[in-house]
Amino acid sequence: MENSEPIIRIENVTKRFGHLKAVDNVSLTIKTGEKVVIIGPSGSGKSTLLRTINRLEEITSGRILVDGMDIMDRATDINRVRMEVGMVFQNFNLFPHKTALQNLTMAPVKLKKIPRQEAEKNALRLLKKVNIAEKADVYPTQLSGGQQQRVAIARALAMNPKIMLFDEPTSALDPEMIGEVLDVMKTLALEGMTMIVVTHEMGFAREVADRVIFMDHGAVVEEGTPEHFFKNPTHDRTKLFLSQIL
Amino acid sequence: MTQEKIIIDVGDGAAIPSKKDMGLFSAWRISFCGAIVLLIYLVISRPDPYLKIVKFLPDGIIVTFQVTFFSIGLALIIGLITGLGRISRNRIANAIASTYIEVIRGIPLLVQLFYIYYALGRFVRVPDMVAAVIAMSVCYGAYMGEVFRAGIESIDKGQTEAARSLGFNRTQTMFYVILPQAWRTILPPVGNEFIALLKDTSLVSILAVADLLRRGREFAAESFAYFETYTIIALIYLLITLLLSKLVSIMEDRLNYYGKF
Amino acid sequence: MIRKIVSGLLGVLLITGFAWARTVVIATDATWPPMEFVNADKEIVGFDIDYMKAAAKEGGYQVEFKSVAWDGIFGGLEAGKYDAVCSSVTITEERKKTMDFSMPYFKVRQALVVPKESNATTLEEMTGKTVGAQIGTTGYFAIKEMEGIVAKSYDEIGLAMEDLFNGRIDGVVCDDPVAAQYALQREDYKAKLKIAAVLDTGDEYYGVAVKKGNTEVLDLINKGIQAVEEKGLANEFRAKWIGQ
């Protein structure tokens with residue numbers, strides 16, 4: 001929070017799927033180093049909003065600036081933006097035809113033209129960081145869900161991103177594996193990474209978030225610090241949601 | 001990640017030997033060994049005409065191999081482009097690919113061969129081998145295009161998203177992430193197409209291409225040893241086809257080395 | 001009762017009596033103009049056809065023609081699918097081993113057809129070039145024997161001529177009446193093709209082939225040919241189909 005420059009600006013963003021407004025006129029500013037947790041019932045548009053940030057979903061109207069680049073501008077090279085924005089998926093989406101290590105080195109080698117040796121060294125360091133260095137040469141199918149997700153986080157980090165997006169990273173995991181993934185995310189948070197996390201893990205939100213955003217029906221209903229949010233939420237819908245989930 | 005392996009079953013070639021089918025009495029082994037034993041027996045027991053026939057054929061076998069090899073290569077490229085065209089969001093590319101498949105699949109290969117060689121021969125002078133390879137690959141490219149499309153579509157959308165989110169563009173995603181995985185789904189039906197293509201190369205003999213069948217026909221037409229000649233021709237085609245199916249099966253094994261997914 | 005048997009016998013006699021006008025089924029590869037080919041009315045016509053019809057008339061039997069692809073035509077004879085082959089078949093020692101021939105009824109030589117601009121006047125000058133002929137014909141045997149010529153076999157002589165016309169090959173060898181038909185008669189071809197040489201492979205004689213040992217059919221055919229020759233009808237057919 002030392003640096004209070006906004007790194008992501010979301011201005012009046014709407015995303016329609018046909019008649020459905022998945023995201024309805026949302027505006028948000030996220031500062032460098034900030035950890036934002038987005039919560040809300042399923043179908044509230046929180047994942048869609050997250051996915052608009054690296055243009056996996058194209059917005060219908062509004063404007064999104066990432067690190068000063070307008071991502072909908074034709075002049076913007078979206079692939080450059082994406083190299084700065086790491087993403088972690090609910091279903092891990094590791095490349096099954098590559099080993100854990102190769103999953104990490106592929107993008108840096110092909111896209112940033114980093115020498116293979118250097119990329120591998122960096123990859124090993126990251127695998128160590130997510131506590132899975134011993135599985136470097138193993139294919140994803142031979143890893144547990146928790147292990148796969150940790151490799152997926154390391155894969156995103158291998159591109160040295162400025163921002164990390166997490167799309168329900170623990171929802172597909174068996175309960176006993178959730179902790180190991182959250183621990184990695186907490187470490188990352190402590191290192192000062194800018195993080196936007198869509199999750200149902202309220203403990204994580206309470207412990208890590210600088211700000212919690214509650215979305216429903218595509219709109220931001222309420223936002224605030226975890227203390228405010230979990231102790232005295234103002235909106236009825238927030239209260240209802242929290243009462244159901246906690 | 002837990003999606004089931006999709007099997008595209010388009011088979012008109014010899015069966016590709018299954019890995020489970022390792023028994024001594026598998027259909028592949030019986031056919032292969034049987035064909036070899038019969039061939040050797042015939043040649044030794046009646047060198048005239050069998051040995052003469054066998055000696056007459058090698059350059060035809062080479063031509064059959066050449067036509068098969070080049071046609072497979074070119075058909076793969078055409079198939080890939082067609083498959084990509086079919087899934088393209090560009091409407092023109094899509095329409096071209098779809099129309100091409102529709103037209104080619106509606107015309108018998110034999111007619112296509114005649115057409116490319118004799119009908120277009122009035123305007124473009126292509127050597128017979130080139131005409132044969134073009135006709136075979138244009139025809140099989142259409143079939144392979146459909147296989148490629150199905151193979152590419154069988155890959156989970158999450159793979160594309162993961163690659164795109166890392167900064168790979170559409171093309172890089174296709175070549176680094178999607179195709180290497182799709183290849184596993186694609187290979188068995190494509191292998192079937194390889195084998196069917198090999199067998200269909202016998203049709204190029206009508207273009208006066210001196211392939212295995214034409215060499216056989218030349219021998220038979222001169223010696224009148226129809227039974228003997230066509231027996232040998234059939235055995236040789238069978239052997240080549242079985243070898244190719246084995247090769248495809250080995251390639252499948254290779255692709256399976258990183259486990260099921 | 002007796003009456004029934006008698007009438008039955010009469011009936012049999014009647015039937016066999018009709019059958020006495022034996023029908024000889026003759027196979028021909030009708031892709032060899034002007035000797036045998038299919039005309040615009042989808043009828044098999046040509047010199048051989050007229051000749052065989054005349055021979056049948058003289059010999060007192062019926063003929064029926066069947067169109068069969070050349071490279072399987074002797075296989076079908078062997079298998080008894082028809083009685084005879086009359087399709088510009090040159091009598092050769094090799095062929096005599098597997099089938100019987102009638103007396104010769106026509107003399108031909110092999111001719112080399114080349115593009116107009118070619119200077120070749122003998123087959124020897126075609127060394128290093130590709131020459132086509134119909135599969136299993138004496139023309140093909142001739143080019144295959146020649147050292148240094150790339151021999152190419154076609155299913156039909158017309159396809160070889162088309163390839164020559166399109167410039168894919170350098171020459172075609174076939175019987176001289178056929179060569180004349182393509183290089184001198186046909187409007188589109190004659191502008192581009194010419195007969196370069198009549199080969200010195202010697203005279204060849206056409207005969208009608210029958211299955212080895214089938215003397216019944218052979219006798220009928222020989223009888224017919226004999227009569228046609230005696231009456232000099234062949235000249236009439238030659239004038240009609242071949243001209244010079």
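Any residue in the range B:62-83 that is free of Cβ contacts under 8 Å to residues at least 60 places away in the same chain sitting within a Cβ distance under 9 Å of a residue that is open to solvent by 70 Å² or more (accessible area, probe 1.4 Å) and part of a helix (DSSP H, G or I)? List the pairs, counting only those 6 or more apart or interchain.
none
With the condition kept exactly as written, say whether any residue in the range C:108-118 is out of contact with any strand residue (DSSP E or B) (no Cβ under 6 Å at 6 or more places or on another chain) and either surrounded by fewer than 15 Cβ atoms within 10 Å (Cβ to Cβ) or not in a strand (DSSP E or B) (or both).
yes
Give the residues of the range C:163-190 that are among the polar types (S, T, N, Q) and farther than 19 Å from C:GLY139 by Cα, sorted by residue number.
Listed by number, the residues that qualify are C:ASN166, C:GLN185.
Checking the structure you have, find out if any residue of the range C:78-93 is assigned to a helix (DSSP H, G or I), open to solvent by 50 Å² or more (accessible area, probe 1.4 Å) and outside the structural domain of C:LYS212 (by TED's automatic domain parsing).
no
More than 14 Å from chain C (Cβ to nearest Cβ), in a loop (DSSP other than H, G, I, E, B), free of Cβ contacts under 8 Å to residues at least 24 places away in the same chain and open to solvent by 60 Å² or more (accessible area, probe 1.4 Å): is that true of B:ARG89 in this structure?
In short, yes.
Name the single residue that is nearest to C:PHE101 (Cα to Cα) among those in the range C:190-207 being open to solvent by 70 Å² or more (accessible area, probe 1.4 Å) and not in a strand (DSSP E or B).
Once the filter is applied, the top-ranked residue is C:ASP203.
Test of understanding: among A:PHE166, A:PHE204, which residue is assigned to a helix (DSSP H, G or I), crowded, with 20+ Cβ neighbours inside 10 Å and in contact with a helix residue (DSSP H, G or I) (Cβ under 8 Å, 6 or more places away or on another chain)? Step through it out loud before you land on a result.
Details: A:PHE166 fails: assigned to a helix (DSSP H, G or I).
Testing whether each residue is assigned to a helix (DSSP H, G or I), crowded, with 20+ Cβ neighbours inside 10 Å and in contact with a helix residue (DSSP H, G or I) (Cβ under 8 Å, 6 or more places away or on another chain) leaves just A:PHE204.
Per-residue answers, yes or no, for (1) more than 10 Å from every other protein chain (Cβ to nearest Cβ); (2) open to solvent by less than 10 Å² (accessible area, probe 1.4 Å); (3) on the phi > 0 side of the Ramachandran plot:
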site: B:ALA132; (1), (2), (3): yes, yes, no
site: B:MET136; (1), (2), (3): yes, yes, no
site: B:MET144; (1), (2), (3): yes, yes, no
site: B:VAL147; (1), (2), (3): yes, yes, no
site: B:GLY151; (1), (2), (3): yes, yes, no
site: B:GLN159; (1), (2), (3): no, yes, no
site: B:GLY167; (1), (2), (3): no, yes, yes
site: B:ARG170; (1), (2), (3): no, no, no
site: B:VAL177; (1), (2), (3): no, yes, no
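Looking at C:ASP71, C:ASP29 in this structure, which one is within 30 Å of C:VAL131 (Cβ to Cβ), at pLDDT below 90 and in contact with a strand residue (DSSP E or B) (Cβ under 9 Å, 6 or more places away or on another chain)?
Numbers: C:ASP29 fails: at pLDDT below 90.
Only one candidate qualifies: C:ASP71.
Which residue is farthest from the other protein chains (Cβ to nearest Cβ), if the candidates are limited to the range B:205-239 and must be in contact (Cβ under 8 Å) with a residue 40 or more places away in the chain and basic (Lys, Arg)?
Selected residue: B:ARG215.
Within the range A:169-179, restricting attention to residues that are open to solvent by less than 40 Å² (accessible area, probe 1.4 Å) and more than 13 Å from A:PHE204 (Cα to Cα), which residue is farthest from the other protein chains (Cβ to nearest Cβ)?
Out of the qualifying residues, it is A:MET177.
Restricted to the range C:169-189, and to residues that are open to solvent by 40 Å² or more (accessible area, probe 1.4 Å) and assigned to a loop (DSSP other than H, G, I, E, B), which residue is nearest to the other protein chains (Cβ to nearest Cβ)?
C:ASP170
Among the residues of the range C:212-228, is there at least one that is touching a helix residue (DSSP H, G or I) at 6+ places or on another chain (Cβ under 7 Å), within 14 Å of chain B (Cβ to nearest Cβ) and open to solvent by less than 20 Å² (accessible area, probe 1.4 Å)?
no
Here is a yes/no grid of residues against (1) in contact with a Pro (Cβ under 7 Å, 6 or more places away or on another chain); (2) more than 30 Å from B:TYR117 (Cβ to Cβ):
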residue	(1), (2)
C:VAL173	no, no
C:TYR182	no, no
C:LYS192	yes, no
C:THR201	no, no
C:VAL217	no, yes
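Looking only at the range A:91-120, which residues are in contact with a Pro (Cβ under 8 Å, 6 or more places away or on another chain), in a loop (DSSP other than H, G, I, E, B) and more than 9 Å from every other protein chain (Cβ to nearest Cβ)?
Hit for the range A:91-120 is A:ILE114, nothing else.
Can you report the number of residues in the range C:94-107 which are assigned to a strand (DSSP E or B) and either at positive phi or among the basic types (Lys, Arg) (or both)?
1
Could you please find all residues in the range A:130-146 being open to solvent by 40 Å² or more (accessible area, probe 1.4 Å) and either touching a Leu at 6+ places or on another chain (Cβ under 7 Å) or not β-branched (Val, Ile, Thr) (or both)?
Within the range A:130-146, A:ASN131, A:GLU134, A:LYS135, A:ASP137, A:GLN142 meet the criteria.
More than 13 Å from chain B (Cβ to nearest Cβ), crowded, with 16+ Cβ neighbours inside 10 Å and assigned to a helix (DSSP H, G or I): is that true of A:LEU127 in this structure?
Criteria met by A:LEU127.
So, C:ASN166, is that one without any contact (Cβ under 8 Å) to a residue 24 or more places away in the chain, facing chain B (nearest Cβ under 8 Å) and of a type in the set (S, T, N, Q) or not?
yes
Quick check: is even one residue across the range A:182-191 within 29 Å of B:ALA182 (Cα to Cα) and of a type in the set (Asp, Glu)?
no
Specify the residue that is farthest from B:TYR41 (Cα to Cα); the eligible residues are those in the range B:219-236 that are modelled with pLDDT under 90 and open to solvent by less than 10 Å² (accessible area, probe 1.4 Å).
That would be B:ALA221.
Is it the case, given these coordinates, that B:GLY191 is touching a helix residue (DSSP H, G or I) at 6+ places or on another chain (Cβ under 6 Å), of a type outside the set (D, E, K, R), assigned to a helix (DSSP H, G or I) and within 14 Å of another protein chain (Cβ to nearest Cβ)?
no
The values are calculated or read from the model by the stated rules, or taken from the named source; none is laboratory data. This one's a predicted model, so the numbers in the text were calculated from it and none came from an experiment. Reconstructed Cβ throughout: ideal geometry from the backbone, glycine too, with neighbour counts over all protein chains shown. To get the accessible areas, we keep the full protein, side chains included, count just its heavy atoms, and leave off ligands, DNA and RNA. Shrake-Rupley method; radii C 1.70, N 1.55, O 1.52, S 1.80 Å.
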